[in-house]
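Visitor: Got a structure here, written out as structure tokens. Questions coming.
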Amino acid sequence: MKRFEAAVIGAGPAGIVAALYLARFGVKTALLEKSAPGGLLLQTFEVENYPGFPKGVKGYELADLLSEHLQSYANLSLVIGGVTELRREGKSLMLKVDGELLEAECVIICSGVGYRKLGLPGEDRLLGKGLSHCAMCDGHFFRGQKVGVVGGGNSALEESLHLSKMVSELHLIHRRDAFRAAPLYVDRIKSAGNVVMEYNSVVTALHGDDGLEGITLKRLTTGEEEFLPVRGLFVFIGFEPVVPFLPEEIGRDDRGFIITDAEMRASIPGVFAAGDIRSKLCRQIVTAAGDGATAAHAANSYLEQGHAH
Ligand code: NAP
């Protein structure tokens, strides 16, 4: 069985920064990631608000830069594998990673969030067959075509701006008539030229068997429904926590995000949480990185003080 002083679950910005700080403290650390380091950055076209990049930076480029920073630390191991279980056993925390046990003295959970679903029949079947949560990954399939985007937050508008440059017409479907997104994005989308605002509207049905052929839109002000023939629908209606491995006793808020104190300590001794998975208001790359640094400091103190939480 592999043993580490610290295990960090998830290699998005929070996890990468937590692992970097732990490595620099000299802590023997495992950074556990089920796919590739970068987290949601890998699905983000352009990052405009990360300090130090006044002209913006591509999400994957920032992910590469962040992970490159980890490479020179001999006490840090990147372990590729999915965590399915986390439990306390005496003074240790046991993790099941791709079926194998790993032991750590403390754990920082940085497993991030997944895209919220519409909750409509056929949604899982049509994912990747017209339905998508990533304009950067799938937008080019719809070059010159008509597509829909659902949502009114920063994600929906940012991704719409990217998509509008390649599609013929974009229907931006939002359940209200005022956007939650930053005014900067709203102004830009309104001047895009090929964006049709579908205010006060929701998607009530997805049509198509092997691929999306269209959607039903319901107008919330009148109750009327109409068919919109789009082969691409991009859904950005918020996020949900990704925590299939969490012990039941850990404190979470009513949406399932992990509750921590200001030092990122969760309710189980030796367990910390950082980044989007944490119950908080502001979910940004910089706040994830800040959480990661704070959690690493707190975890290091926990180790130094003989596991005092
Ligand atoms: P969000 O801010 O939670 O917005 C979700 C949007 O989807 C809202 O407009 C919401 O409508 C709508 N919605 C929620 N459930 C729905 C449903 N069942 N049917 C239809 N519409 C639904 O999510 P997000 O845009 O993904 O952003 C998440 C976090 O990441 C935010 O903190 C955001 O600021 C951050 N983020 C930041 C940037 C950036 O700074 N550049 C970029 C992307 C994301 P209502 O408005 O009516 O609630």
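Visitor: Quick one: would you say Ala296 is open to solvent by less than 20 Å² (accessible area, probe 1.4 Å), assigned to a helix (DSSP H, G or I) and away from the ligand (no atom under 14 Å from the Cβ)? Even if it seems obvious, please write down each step before you answer.
Guide: On the way: open to solvent by less than 20 Å² (accessible area, probe 1.4 Å): yes; assigned to a helix (DSSP H, G or I): yes; away from the ligand (no atom under 14 Å from the Cβ): yes.
It is true that Ala296 is open to solvent by less than 20 Å² (accessible area, probe 1.4 Å), assigned to a helix (DSSP H, G or I) and away from the ligand (no atom under 14 Å from the Cβ).
Visitor: At least 2 residues that are of a type in the set (Val, Ile, Thr) in each: list the strands (runs of 3 or more DSSP E) lying fully within the range 186-282 that qualify.
Guide: Per the criteria, 195-198, 201-207, 214-219.
Visitor: Which of the residues that make up the range 39-65 are crowded, with 22+ Cβ neighbours inside 10 Å and without any contact (Cβ under 8 Å) to a residue 40 or more places away in the chain?
Guide: The one that is crowded, with 22+ Cβ neighbours inside 10 Å and without any contact (Cβ under 8 Å) to a residue 40 or more places away in the chain: Ala63.
Visitor: Here's a follow-up. Quick one: how many residues across the range 105-132 are closer than 14 Å to Gly232 by Cβ and open to solvent by less than 30 Å² (accessible area, probe 1.4 Å)? Give the steps one after another, and end with the answer.
Guide: Taking the range 105-132 as the starting set, the residues that turn out to be closer than 14 Å to Gly232 by Cβ are 126-132.
Filter again for open to solvent by less than 30 Å² (accessible area, probe 1.4 Å), leaving 126, 130-132.
Here the count works out to 4.
Visitor: Give me the pairs: first residue in the range 222-242 and among the charged types (D, E, K, R), second residue surrounded by 13 or more Cβ atoms within 10 Å (Cβ to Cβ) and part of a strand (DSSP E or B), beta-carbon distance under 7 Å, and six or more apart or on different chains, which are they?
Guide: Correct list of pairs: Glu225/Thr216; Glu225/Leu217; Glu225/Lys218; Glu226/Leu217; Glu240/Val113; Glu240/Gly114.
Visitor: Being part of a strand (DSSP E or B), buried (at least 18 other Cβ atoms within 10 Å of the Cβ) and either out of contact with any Leu (no Cβ under 9 Å at 6 or more places or on another chain) or of a type in the set (A, V, I, L, M) (or both) is true for just one of Val27, Val79. Which residue is that?
Guide: Working: Val27 fails: part of a strand (DSSP E or B).
Criteria check complete, one pass: Val79.
Visitor: Another question, if that's okay. I need the full set of residues from the range 226-274 which are within 30 Å of Phe142 (Cβ to Cβ), surrounded by fewer than 20 Cβ atoms within 10 Å (Cβ to Cβ) and more than 16 Å from the ligand (Cβ to nearest atom), in order please.
Guide: Glu226, Phe227, Pro229, Arg231
Visitor: Look at Glu85 and say whether it is at pLDDT 95 or above, within 21 Å of Tyr302 (Cβ to Cβ) and of a type in the set (Asp, Glu).
Guide: Here the answer is no, as Glu85 does not meet what is asked.
Visitor: Okay, moving on. When Arg219 is evaluated against the numbered criteria (1) away from the ligand (no atom under 14 Å from the Cβ); (2) touching a strand residue (DSSP E or B) at 6+ places or on another chain (Cβ under 8 Å); (3) not acidic (Asp, Glu), which criterion, by number, is the only one it fails?
Guide: Going through the list (1) away from the ligand (no atom under 14 Å from the Cβ); (2) touching a strand residue (DSSP E or B) at 6+ places or on another chain (Cβ under 8 Å); (3) not acidic (Asp, Glu), Arg219 breaks only (1).
Visitor: Ok, one more. Pick from Lys129, Lys146, Lys117: which is basic (Lys, Arg) and either under 16 Å from Gly59 (Cβ atoms) or within 12 Å of the ligand (Cβ to nearest atom) (or both)?
Guide: Numbers: Lys129 fails: either under 16 Å from Gly59 (Cβ atoms) or within 12 Å of the ligand (Cβ to nearest atom) (or both); Lys146 fails: either under 16 Å from Gly59 (Cβ atoms) or within 12 Å of the ligand (Cβ to nearest atom) (or both).
On inspection, the qualifying residue turns out to be Lys117.
Visitor: Please go through the range 154-176 and give me each residue that is in a loop (DSSP other than H, G, I, E, B) and more than 10 Å from the ligand (Cβ to nearest atom), ordered by number.
Guide: Lys165, Met166, Val167, Ser168
The values are calculated or read from the model by the stated rules, or taken from the named source; none is laboratory data. Note that the coordinates shown come from a computational prediction; the quantities given were computed from them, not determined experimentally. Note that each Cβ is placed from the backbone with ideal geometry, even for glycine, and that neighbours are counted across all protein chains shown. In case anyone asks, the SASA skips ligands and DNA or RNA and just uses the protein heavy atoms, side chains included. Shrake-Rupley method; radii C 1.70, N 1.55, O 1.52, S 1.80 Å.
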